[in-house]
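J.: Below are the structure tokens for one structure; questions will follow.
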Amino acid sequence: MSNSAVEPVRSINWPASLVFFITGAIALVVAPWYGFTHGYSLATVLCTLFLVAANGMSITAGYHRLWSHRAYESHWLVRLPLLVFGTMAIQNSVLVWSANHRVHHRFCDDNEVDPYSAGRGFWYSHIGWMLRNYPSATPDFNLVKDLERDPMLRFQHQYYLPLVLLTNLGIPVALGLYFGDFWGMLLLAGVTRLVISHHVTFFINSLAHMWGTQPYNDRNSAKDNPVLAFLTYGEGYHNFHHHFLHDYRNAIRWWQWDPTKWFIWALSKIGLTHSLRRTPDVTIQRAVVEMQLRRLGAGAAASADVDISESLARLAAPLRARVQQEVEAFRATLAEWSKVMDLRQQDLAHFRERSKEIVAALREQRRRLAELVAAVPATAAA
Ligand SMILES: [Zn+2]
Ligand SMILES: [Zn+2]
């Protein structure tokens, strides 16, 4: 805890602590022992993999992008399974999860307010915040008034515990009886599945705030990390996500791993999701260039009337001249962009064409700046 000297010891959150401890112990000890002594059937392994993915994607596509951020709209035929498999993931109701998550975005890294502030270290942001009754993790339902209007979400919140038991026991038991591997299914698809699903999600709060790059913004701890993206159905592009939180995508390039985005997009093609929110390319490229200029000490470059010569003084003269040139180029592109914006109402086709040119200019500048950033020793950005 960095903000205050003495943090009172909080009481233990027994329900959460017991769930994590008991399921963790079973997954680490009993499930492997059963595997060695009895073996698991192929059906059990496949059901487990399916449920791990269904739980994970329901948290990312449902709890996170659909409900917390309203990044798209969807048909109830999609919302219902997202809610069922999301409930099965045991991460609290959508209302509680979203209320906490909205605070996490608004007050990111504030140790007093952010429920899983990475400023309090790996353990706290990963799981510690749920093991005791911290005031910052108490949900403020005023933040989810929009979601409270949805009867499906109100129902889930009201009957959360029975629904958790029904999904976590009912689904593995039914599968176990059907495939004739009752105990195997309960241990692997029931308990081990839950533990994997838990920690994969928790990595987004812990590791994705500690390990990776910050192409869009370094004013909070969120990082882009392709390894974590692979484990978390695309959520590892967390620096992008914290900067453009209402975008239905977390990864923007076609080759970056974001199955949650592909899932939402594919459903939009058959009419089951709609109103997918995308950040305009110009806005994204502009953020990258601004971040690069900030690293070079020219963070105020976007404001044409700010003199940045003083903050560039630390650079050697030839480098300083090149950065100054880039600042001028950036300001010229922004001036051009504001003219292009005026076209929007009059001539949409022309507007789109000119927007592409602006994006290309920013991409080109981004490549030039990457060389400069590499040449300048990292010091405090301006
Ligand atoms: Zn975050
Ligand atoms: Zn988020």
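J.: Scan the range 159-179 and give yes if some residue there is more than 14 Å from ligand 2 (Cβ to nearest atom), in a loop (DSSP other than H, G, I, E, B) and crowded, with 21+ Cβ neighbours inside 10 Å, otherwise no.
T.: no
J.: When residues of the range 41-66 are filtered for being surrounded by fewer than 19 Cβ atoms within 10 Å (Cβ to Cβ) and either hydroxyl-bearing (Ser, Thr, Tyr) or outside any helix (DSSP H, G or I) (or both), how many remain?
T.: 1
J.: Does the range 78-115 hold any residues that are within 16 Å of ligand 1 (Cβ to nearest atom) and in contact with a Leu (Cβ under 8 Å, 6 or more places away or on another chain), and which are they?
T.: Within the range 78-115, 98, 99, 102, 103, 105 meet the criteria.
J.: Name every residue in the range 55-65 that is more than 16 Å from ligand 1 (Cβ to nearest atom) and closer than 13 Å to residue 250 by Cα, in order of residue number. Even if it seems obvious, please write down each step before you answer.
T.: Keep residues of the range 55-65 that are more than 16 Å from ligand 1 (Cβ to nearest atom), which gives 55-58, 61-62.
The one that is more than 16 Å from ligand 1 (Cβ to nearest atom) and closer than 13 Å to residue 250 by Cα: 61.
J.: Name the single residue, out of those in the range 231-248 being out of contact with any Leu (no Cβ under 6 Å at 6 or more places or on another chain) and under 25 Å from residue 49 (Cβ atoms), that is nearest to ligand 1 (Cβ to nearest atom).
T.: Filtering the range 231-248 down to residues out of contact with any Leu (no Cβ under 6 Å at 6 or more places or on another chain) leaves 231-235, 237-247.
Then drop every residue that is not under 25 Å from residue 49 (Cβ atoms), which leaves 231-235, 237-238.
Working: 231: 15, 232: 11, 233: 15, 234: 14, 235: 9, 237: 11, 238: 6 Å.
Here the answer is 238.
J.: Here are some residues: 199, 241, 246. Which one is within 23 Å of residue 107 (Cβ to Cβ) and part of a helix (DSSP H, G or I)?
T.: Selected residue: 241, the only one of 199, 241, 246 that is within 23 Å of residue 107 (Cβ to Cβ) and part of a helix (DSSP H, G or I).
J.: Name the pairs: first residue in the range 66-80 and more than 20 Å from residue 106 (Cα to Cα) and among the hydrophobic types (A, V, I, L, M, F, W, C), second residue in a helix (DSSP H, G or I) and within 14 Å of ligand 2 (Cβ to nearest atom), Cβ to Cβ under 6 Å, at least 6 apart or on different chains?
T.: Close Cβ pairs (under 6 Å, with a partner that is in a helix (DSSP H, G or I) and within 14 Å of ligand 2 (Cβ to nearest atom)) do not exist here.
J.: Further question on the same structure: Could you please find all residues in the range 67-90 being within 14 Å of ligand 2 (Cβ to nearest atom) and surrounded by fewer than 21 Cβ atoms within 10 Å (Cβ to Cβ)?
T.: 69, 70
J.: Of everything in the range 116-136 that's in a loop (DSSP other than H, G, I, E, B) and either within 9 Å of residue 205 (Cβ to Cβ) or among the hydroxyl-bearing types (Ser, Thr, Tyr) (or both), which residue is nearest to ligand 1 (Cβ to nearest atom)?
T.: That would be 116.
All of the numbers you see were taken from the coordinates with simple rules; none came from a lab. A quick note: this is a predicted structure, and the numbers were derived from the prediction, not measured. Methodologically, a virtual Cβ is constructed for each residue, glycine included, from the backbone with ideal geometry; neighbour enumeration extends over all protein chains shown.
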